[in-house]
Amino acid sequence: MKHIYVNVSSYFTKKNDVQLWKSICSSFEIKCDEECLITFVCCDLKKEGFHILDGNIFEDKLSDIIKETVSFNSFEPGSVYFDIISSEKTFPPRNYIYRNLKRAGMQIVSFLHNSIFNMIQDLANYSEDEVISAIDSLSAAISYGSYIILENNTDIEIFHSICAEMNANVPECSVFYENTLLKTLCATSKEKGSVSYTDLYQMVVLTARNDDIMKSLPYIEEFMPFIKELVVCCPPQNVQSFKIKYNGRLSLKFITDDELLNGESLPKDHQARNFFLRCKLMDQDVLNDVFIMTDDDYRPMKPITKEFFIKDGRYQGYYFYDIRDWQGTYNNYTSFDKGAFKTRDFLIQHDYPVLQYSSHQPQIIDRHIFKEMLSVHKGIEYKPYDEWSTYFNYGFYFYPDKFKPCESVSMCWPGDMASWDVHHVPREYFFENYYEELYKEGQMFEGFSEKYCENTERENLEKSRIYRKKSLRQLRENEAFLDYQREYADKKGIYPSIVIDFDEKSGKINLTVPEYINLSVDAWVRVPVAIQKAVYDSYDSAENIDVFISYHFVNSIGVPVLNSPEIQIKTGDMRFKLPVRSPASQLKNAVMMVRVILREKTEDNSFSEKHPVFTVEKSMKLMLTKIDEVDYV
């Protein structure tokens, strides 16, 4: 079944071109060789999405035929979006709509009404807004369209000349014929998976430590029986000892770092090094066309088949986050964080999807598509990008018939629940991102075996239960905090956040906090903080002043509880999220104190603890809610 979504917004905007719309609707009734489902949609002007329509668009009012409202990314990947572009002003702009649909894997077919060409040839008779809207629509069709349909051959000639003036590639196009429209739309669809590769048996690992991969191999051998060959990329001195120590069933091949680098220097930054090595790896002929790429500490937890990686003709790519939401460790960013930010900017710059695929589990790689990405974006191998997120987002953007985004199923990512807010919790885990410290005394996996043994599968079930319970608890804590934010905004008419601004009358920094804050007991949340630019401009020696923020709780008798360390706010930052750890006990009549301190740098570029330039502190009522224990489901 192929799905075709027809945008009828332009019909309801002016109720003109009725005959054209009737011709189009008649074409959908012509018998087609392929089974397809036509759905009429209309832009939802209040939200980022579409109304799904159910009724006769020529006889009913729009409000009478709205069935439901969905977001831009609700349609089937590879399905077709058909849109008529005429000279009327549109909102939201088509560039915005098309960009979001393309990121979601849709194939966009635009019908260019000849009125838009009449406008371009006679601009003086149209308003500026109409011209801007028409140019936006035309550029959207050229930039994001998979196919263009025009009314006549003259329009095709004009369209080609416009593309030449814009120095843009000409999308495939043809003249509208009522008896072939449906066939054209079906042919454009990429809804059916097109990957036919089945010879999946090779795994590739980059490792600097033989011991780490040696500990993971028994899990791979037991739970991934389709893996027959292991390609090990490692320092030259590791090869011989690996061959001596390993006595498993996998056939071994080696690529040394020297062979990968081929005389080039290895980047010093950890993320840049990872990306560089994996990019260089794609030139090695020992690699199959399609293989599984992994790290040395990714361990399968249960039997896994090829279908985990290739299913229904699509590569399954596993993501764990929307990279636009990635916070990292504020103002103490790791190499991973910095790489994520740069990858985010790269993806947004090129209008690619923005899912974060560094899920710390093995992933499937199509070597030719990876190399194609490197060819299209020459020189990116020298950037500190995320190798997983660049590849899978590029692949899904250009080949929605070959890739399917799936939620990650990796346990212990994060290893520490305080590291970030989890976006989803899978029903079951298939891989463990191994952290040695989690097995130490007092940690969540104390007492479990760190090596493969006869009880491994049973222990993995118990570890999954423990970790999933913690993940679900954090998810509920985050939902409770979002509920508080929505409730506060409804009640007070303002979003609850900490605001640092500058009062021009007093010439002092001002701190504003919500009247109250509702936190779960013994939980991590991230509280929004906004800083006005005037704060950084308020001192003559602003380059020598830095802003710090901290918090603590005070119980009913005035005793401080759980003091936080001071966090330095990066100069110029206008907003960030402050990690807050709530008290472990349910305090009554308590308050949360927030303190902002301005300090001047000393000669050695450190800060004077004894003589802050300015300090301001505010309190808010603390409400603590106990989250019920989460059962393993």
Just checking my list (1) 53; (2) 66; (3) 61 against percent of Cα pairs over 32 Å apart computed from this structure; which label fits?
(3)
With the contact rule set at Cα under 8 Å and sequence spacing of 6 or more, what percent relative contact order holds for the chain?
9 percent
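Keeping the other protein chains in place, figure out the carbon and sulfur percent of the accessible area of segment 1-57, with a 1.4 Å probe. Before the final figure, lay out the partial values.
Details: 1410 of 3050 Å².
Roughly 46 percent of what the probe reaches on segment 1-57 is carbon or sulfur.
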Residue span residue 285 to residue 487: 0.36 nm per residue of separation minus Cα-Cα distance leaves a gain in nm of 66.9 nm
Sorted by average packing, counted as other Cβ atoms within 10 angstrom per residue and highest first, what order do 139-146, 31-38 take?
139-146, 31-38
Rounded to the nearest Å, the spacing of the alpha-carbon centers of segment 223-239 and segment 363-440 is 20 Å
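Accessible area of segment 453-540 with a 1.4 Å probe: how many percent of it is carbon plus sulfur? Kindly include the intermediate steps, with their values, before the conclusion.
Working: 2180 of 4580 Å².
Heavy-atom surface of segment 453-540 belonging to carbon and sulfur, 1.4 Å probe: 48 percent.
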For residue 251, what is the net charge nearby, where nearby means another residue's Cβ is under 9 Å from its Cβ and Lys, Arg count +1, Asp, Glu -1?
+2
Using the basic label-point model (7 angstrom from Cα toward the beta carbon), what is the residue 258 to residue 504 distance in nanometres?
6.8 nm
Add +1 for every Lys or Arg and -1 for every Asp or Glu among the other residues with Cβ under 11 Å from the Cβ of residue 176, and state the total.
-3
Between residue 614 and residues 5 or more places away or on another chain, the pairs with built amide H atoms under 5 Å apart involve 598
For the chain, what is the accessible area per residue in Å², given a 1.4 Å probe and the full set of protein chains?
48 Å²
So the carbon and sulfur contribution to the accessible area of segment 294-371, 1.4 Å probe, in percent, is 45 percent
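Suppose R0 equals 30 Å. What FRET efficiency, 1/(1 + (r/R0)^6) with r the Cβ-Cβ distance, do residue 329 and residue 427 give to the nearest 0.05? Can you show the working numbers first?
Values: r = 29 Å, r/R0 = 0.98.
For R0 = 30 Å, the calculated efficiency reads 0.55.
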What order, most packed first, do the peptides 80-91, 407-418, 477-488 have when packing is the mean number of other Cβ atoms within 10 Å of each residue?
80-91, 407-418, 477-488
Entries in 190/311; 311/469; 338/404 that, when Cα-Cα distance is taken, lie over 25 Å
311/469; 338/404
Apply the Karplus parameterisation 6.51 cos²θ - 1.76 cosθ + 1.60, with θ equal to phi minus 60°, to every residue of segment 142-159 and state each ³J(HN,Hα) to the nearest whole Hz, in sequence, with x for glycine and proline.
6, 6, 10, x, 8, 7, 10, 10, 10, 7, 7, 5, 4, 5, 4, 5, 5, 4
Most to least packed among 352-361, 152-161, 495-504 [average Cβ atoms within 10 Å]
352-361, 495-504, 152-161
Straight-line reach only, C-alpha to C-alpha below 23 angstrom: list the lysines that residue 621 could link to, leaving out same-chain residues fewer than 8 apart.
491, 492, 577, 588
Could you tell me whether segment 227-359 comes out rounded, prolate or oblate from its Cα gyration tensor? Rule is a ≥ b ≥ c as square roots of the eigenvalues, rounded for a/c under 1.5, then prolate if a/b exceeds b/c, otherwise oblate.
oblate
Per the C-alpha gyration tensor (a ≥ b ≥ c, the square roots of its eigenvalues), segment 4-123 is rounded if a/c is under 1.5, else prolate if a/b beats b/c, else oblate; here it's rounded
Using each residue's phi in segment 20-26, evaluate 6.51 cos²θ - 1.76 cosθ + 1.60 at θ = phi - 60° and report the 3J(HN,Hα) Karplus result to the nearest Hz, with x for Gly and Pro.
4, 5, 5, 5, 5, 5, 5
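From the square roots a ≥ b ≥ c of the eigenvalues of the alpha-carbon gyration tensor of segment 508-582, which class results: rounded (a/c under 1.5), prolate (a/b over b/c), or oblate?
On the way: a/c = 2.24, a/b = 1.97, b/c = 1.14.
The shape class here is prolate.
Length gain on complete extension for the stretch residue 562 to residue 270, per 0.36 nm per residue less the alpha carbon to alpha carbon distance? Walk me through the numbers on the way to the answer.
Working: separation 292, 0.36 × 292 = 105.12 nm, distance 3.41 nm.
Separation in residues times 0.36 nm, less the Cα-Cα distance, equals 101.7 nm.
Once fully extended, how much extra length lies between residue 170 and residue 550, figured as 0.36 nm per residue of separation less the alpha-carbon to alpha-carbon distance? Intermediate values should be presented prior to the final figure.
Values: separation 380, 0.36 × 380 = 136.80 nm, distance 5.60 nm.
Additional length available on full extension: 131.2 nm.
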Net charge near residue 577 (other residues with Cβ under 12 Å of its Cβ; Lys, Arg +1; Asp, Glu -1) is -1
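The values are calculated or read from the model by the stated rules, or taken from the named source; none is laboratory data. Here the structure is a predicted model, which is why all the values come from computation and not from measurement. Ideal geometry is used to build each Cβ from the backbone, glycine not excepted, and the neighbour counts take in all protein chains shown. When the accessible area is computed, the model is the full protein with side chains, heavy atoms only, and any ligands, DNA or RNA have been set aside. Shrake-Rupley method; radii C 1.70, N 1.55, O 1.52, S 1.80 Å.
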